[in-house]
1. Filter segment 236-255 down to the residues that are small (Gly, Ala, Ser) and either in contact with a strand residue (DSSP E or B) (Cβ under 6 Å, 6 or more places away or on another chain) or assigned to a loop (DSSP other than H, G, I, E, B) (or both) and list them by number.
2. Restricting segment 29-51 to residues that are among the aliphatic types (A, V, I, L, M) and over 18 Å from GLY182 (Cβ atoms), which is surrounded by the fewest Cβ atoms within 10 Å (Cβ to Cβ)?
3. Given the structure, is ALA211 in contact (Cβ under 8 Å) with a residue 40 or more places away in the chain, in a loop (DSSP other than H, G, I, E, B), surrounded by fewer than 19 Cβ atoms within 10 Å (Cβ to Cβ) and of a type outside the set (Val, Ile, Thr)?
4. Name the strands (runs of 3 or more DSSP E) wholly inside segment 84-200 in which the number of residues that are basic (Lys, Arg) and farther than 17 Å from ILE232 by Cα is 1 or more.
5. I'd like to check something: does segment 112-123 contain any residue that is within 14 Å of ligand 1 (Cβ to nearest atom), among the hydrophobic types (A, V, I, L, M, F, W, C), modelled with pLDDT of 95 or more and in contact with a strand residue (DSSP E or B) (Cβ under 9 Å, 6 or more places away or on another chain)?
6. Within the bounds of segment 99-117, is there any residue that is buried (at least 19 other Cβ atoms within 10 Å of the Cβ), aromatic (Phe, Trp, Tyr) and within 16 Å of the chain's Cα centre (by Cα)?
7. For segment 120-142, which positions are surrounded by 15 or more Cβ atoms within 10 Å (Cβ to Cβ) and more than 19 Å from LEU42 (Cβ to Cβ)?
8. For LEU51, work out the one condition from (1) within 15 Å of ligand 1 (Cβ to nearest atom); (2) under 20 Å from LEU238 (Cβ atoms) it doesn't fulfil.
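The values are calculated or read from the model by the stated rules, or taken from the named source; none is laboratory data. Computed from a predicted structure; not experimentally measured. All Cβ positions, glycine included, derive from the backbone under ideal geometry; neighbour counts span all protein chains shown.
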Amino acid sequence: MLDTPVAQRMPREIAPGVFWIGDCLAQRHKGKVYHGYNAAFLVAGDNASILVETGHPKDFPVIERHMNELFARGVAPLKYLFVTHQETPHCGGLGRILKTFPDALLVGDVSDYHLAFPQYEHRMRSMKEGDEIDLGGRSLMAVEPVIRDLRTTWWGFDTKERVLFPGDGFAYSHYHEDGHCGLVAEEAVSLDLPDVSSTFADLALFWTKFADMNVYCDRLDQLIARLGVKTIAPTHGLPITDVKATVPKVQAGLKAAALMPESGTNEKVAVAAN
Ligand SMILES: [Zn+2]
Ligand SMILES: [Zn+2]
């Protein structure tokens, strides 16, 4: 398994009709190789599919191959692209998706995309909380983004299998050497979820240092209960298939990170004193 890159093991169906696609991204942290995901998910309805997130810019050939494999298997054609927010690991393949799939509409918060891609402005549709995109037998709804990076963020929710797409929520890295790649959170038993969640918050979500994360975690619990979430499909973390058991571990990491001073955004190399 270790020798087979994730790109060759995906797509993985994490709930009926919800396919996890993309690849890992290797980064160094504290002298170790950390893997992160910039995952994308294809949600297939009876008449149309929607792509949630586009993956990292480097992943476009992999994402395109995975989608074409699914379409060859009879999955409904791509009609929509939903991105949680305007950040490269989430929307970095947007222009190429819209170019490659000329029938697809971009949906979600669409602020500023027309400035980068004026040629596709007529294919952008703004969504607000509670708006739904009908895919045939299921829909993708824009829901409250409790843990977010940018103010323009929306989270996605599949109404049929009750899958939550939380963008930067539930973000944590994993260890390639430990065989975590391609596993869901509950399968990666050696992954210390509070630790990796706290590290990700420290490196990527600076505002968690200045907020009472108990309030955000309570709000997260309310959202999960209100929607009846069964599966969580984060962009950077491993998918969560046991919400009750796993969500508290991620929340413990968020709360722990909030109490630590910010460590900076990259591995530091000691500068020799002269
Ligand atoms: Zn992100
Ligand atoms: Zn990996």
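1. From segment 236-255, those small (Gly, Ala, Ser) are 237, 245, 252-253; that's our starting set.
Correct list: GLY237 only.
2. Top of the filtered list is ALA48.
3. Working: in contact (Cβ under 8 Å) with a residue 40 or more places away in the chain: yes; in a loop (DSSP other than H, G, I, E, B): yes; surrounded by fewer than 19 Cβ atoms within 10 Å (Cβ to Cβ): yes; of a type outside the set (Val, Ile, Thr): yes.
Yes, satisfied.
4. Details: elements: 105-108, 124-126, 132-134, 139-143, 155-158, 163-165.
Where strands (runs of 3 or more DSSP E) fall fully within segment 84-200 and carry at least 1 residues being basic (Lys, Arg) and farther than 17 Å from ILE232 by Cα, they are 124-126.
5. So the first thing to find is which residues in segment 112-123 are within 14 Å of ligand 1 (Cβ to nearest atom), and the list is none.
Looking through segment 112-123, none of the residues is within 14 Å of ligand 1 (Cβ to nearest atom), among the hydrophobic types (A, V, I, L, M, F, W, C), modelled with pLDDT of 95 or more and in contact with a strand residue (DSSP E or B) (Cβ under 9 Å, 6 or more places away or on another chain).
6. No; the residues of segment 99-117 include none that is buried (at least 19 other Cβ atoms within 10 Å of the Cβ), aromatic (Phe, Trp, Tyr) and within 16 Å of the chain's Cα centre (by Cα).
7. Correct list: TYR120, MET124, ASP131.
8. Tallying (1) within 15 Å of ligand 1 (Cβ to nearest atom); (2) under 20 Å from LEU238 (Cβ atoms), LEU51 fails exactly one: (1).
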